[in-house]
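First up is the structure itself, then whatever we jot down about it.
What follows draws every value from the coordinates through simple rules; no lab data is involved. Bear in mind that the values here come from a model prediction, so they are computed numbers and not experimental data. Cβ placement follows ideal geometry from the backbone for every residue including glycine, while neighbour counts extend to all protein chains displayed.
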Amino acid sequence: AETYETLLIERHADGYAVVTLNRPKALNALNSQVFADLTAFLDSVERDDTVRCIVLTGSEKAFAAGADIKEMADQSYAQMFTENFFAAGHDRITRFRKPIIAAVSGYALGGGCELAMLCDFIIASETAKFGQPEINLGVAPGIGGSQRLTRLVGKSKAMDMILTARMMDAAEAERAGLVSRVVPGERLLDEAREAAAKIAAHSPLAVMANKEMVNVALESTLTEGVRFERRLFHSLFAFEDQKEGMAAFVDKRKPDFRGR
Ligand code: CO8
């Protein structure tokens, strides 16, 4: 059985897994163990075809209230630098090739907001609150928040959030483009599961290619990005799944994607 100190894992027959952050007494504050557990889980499913999409969630009260302040409080510069604090966890998530949907209820603050932004898209409950309050602690975002928030919501709102440490509610986060959908709290997990099941029913090869293309948009010029898209699009014709997907459309039946 899969057991992790800080995560609950539920694998679903429809081809996705729900990963629940499970440090309720600390509002899911992210410590080294959480990143070690997430890394181990992602390693274990990277090549596992029964998990084609992941839903990452927290509790009703908190997706995650930040990096664990109690773990960081007494760290020296030499320790942070030597350990390259949280760098390995951050990098592991960005290297994961299958989609991760963040289902956010309650607080997504500091490292919690950064973790949600590391996911491929965010579905938020009406109760969700996003913020980068690190400045209150005399520090700054450290898991990509200053970069990803700015790309997602633009400079003005990113500066506002990061410099004042105020929280954004779900409606503002949706207007700003930080989250893709907002749903009532009781719908949150079903909405995320339904999205994950849809993704898991697609060709897993096409899913990986589509994810990679969108990510390239954030890191290239338009000309380079379009060239990358076109080459990857052409390459999908090497897979049986392309033949199957188009044949199924023509035959008016459901495709049977094999990931080949
Ligand atoms: N770290 C550790 N413990 C936490 C954290 C946290 N981030 N957040 C909450 N907790 C703990 C509390 O200490 C408390 O524990 P205890 O019961 O032992 O006192 C328990 O969770 C419940 O919290 P509260 O009693 O505070 O609950 P409230 O409902 O009153 O308040 C808040 C909820 C508003 C979310 C409040 O807990 C809060 O402000 N939390 C801190 C938010 C914050 O500042 N987050 C940013 C942290 S810094 C960060 O994320 C840096 C990221 C970059 C790291 C990069 C490394 C390279």
Checklist line | Amide H contacts of D14 (H built 1.01 Å from N, under 5 Å, at least 5 apart or other chain) | finding: none
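Given the Cα-Cα distance of T150 and M246 and 0.36 nm per residue of separation, how much length would full extension add, in nm? Write down the numbers at each step before the final one.
On the way: separation 96, 0.36 × 96 = 34.56 nm, distance 3.88 nm.
Value of the extension gain: 30.7 nm.
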Note to self: Show me, for region 179-195, the HN-Hα J-couplings you get by feeding each phi into the Karplus relation (A = 6.51, B = -1.76, C = 1.60, θ = phi - 60°), rounded to Hz, glycine and proline as x.
What the structure shows: 10, 8, 8, 10, 9, x, x, 6, 8, 3, 5, 5, 4, 5, 5, 5, 5
Note to self: Which of the three applies to region 32-91, rounded, prolate or oblate, going by the alpha-carbon gyration tensor with a ≥ b ≥ c and a/c under 1.5 meaning rounded?
What the structure shows: oblate
Check: Does region 50-187 come out rounded, prolate or oblate by the C-alpha gyration tensor, with a ≥ b ≥ c the root eigenvalues, rounded set by a/c under 1.5 and, if not, prolate when a/b is larger than b/c and oblate if not?
Finding: oblate
Check: So between A140 and E126, what do we pick up on full extension, going 0.36 nm a residue minus the alpha carbon distance?
Finding: 2.4 nm
Notebook entry, point to check: So, in nm, how far is label N84 from label E2 when the simple model puts each one 7 Å beyond its Cα toward the Cβ?
Noted result: 2.6
Check: Based on the mean of other beta carbon atoms within 10 Å per residue, what is the order of 162-172, 3-13, most packed first?
Finding: 162-172, 3-13
Next item on the list: Can you check how the C-alpha radius of gyration of region 178-260 compares to 2.2 N^0.38 Å, as a plain ratio?
Entry: 1.34
Notebook entry, point to check: Once phi is turned into ³J(HN,Hα) by the Karplus curve 6.51 cos²θ - 1.76 cosθ + 1.60 with θ = phi - 60°, what whole-Hz value does each residue of region 5-20 show in order, with x for glycine and proline?
Noted result: 4, 10, 10, 10, 10, 10, 8, 10, 4, 6, x, 9, 10, 9, 10, 10
Item checked: Principal axes of region 170-213: Cα extent on each, largest first, Å -> 34, 23, 7
Check: Taking the Cα centre of region 96-235 as origin and charging only Cβ (+1 Lys, Arg; -1 Asp, Glu), how large is the dipole, in debye to the nearest 20?
Finding: 400
Next item on the list: Would you calculate the separation in nanometres between label points at Y77 and T223, each defined as 7 Å from the Cα along the Cα-to-beta-carbon direction?
Entry: 4.3
Checklist line | Helix-derived mean residue ellipticity, 222 nm - over the chain, DSSP H n ≥ 4, -39500 (n - 2.57), to 500 | finding: -13500 deg cm²/dmol
Next item on the list: For the pairs K155/K211; K61/K157; K70/K129; K211/K243; K157/K198; K98/K243, note any where the Cα-Cα span goes beyond 27 Å.
Entry: K157/K198
Notebook entry, point to check: On average over all directions, what projected area in square nanometres does region 1-126 have, based on the convex hull of its Cα atoms?
Noted result: 7.8
Next item on the list: Pull out a ≥ b ≥ c, the square roots of the eigenvalues of the alpha-carbon gyration tensor of the chain, then state rounded if a/c is under 1.5, prolate if not and a/b is larger than b/c, and oblate in the remaining case.
Entry: prolate
Next item on the list: Give me the distance in nm between label points sitting 7 Å out from Cα along the Cα-to-Cβ direction at A13 and D169, one decimal.
Entry: 4.1
Check: Each residue of region 156-166 in turn: what ³J(HN,Hα) in whole Hz from Karplus with 6.51, -1.76, 1.60 and θ = phi - 60°, glycine and Pro shown as x?
Finding: 4, 6, 5, 4, 4, 4, 6, 7, 8, 6, 6
Next item on the list: Please list, in chain and number order, the residues 5+ apart from L56 or on another chain whose amide H is under 5 Å from its amide H, with Hs placed from the backbone.
Entry: V19, I101, A102, A103
Margin query: Expected output is a single nm value to one decimal: the length gained when fully extending between K25 and T39, i.e. 0.36 nm times separation in residues minus the C-alpha distance. What is it?
Written below: 2.8 nm
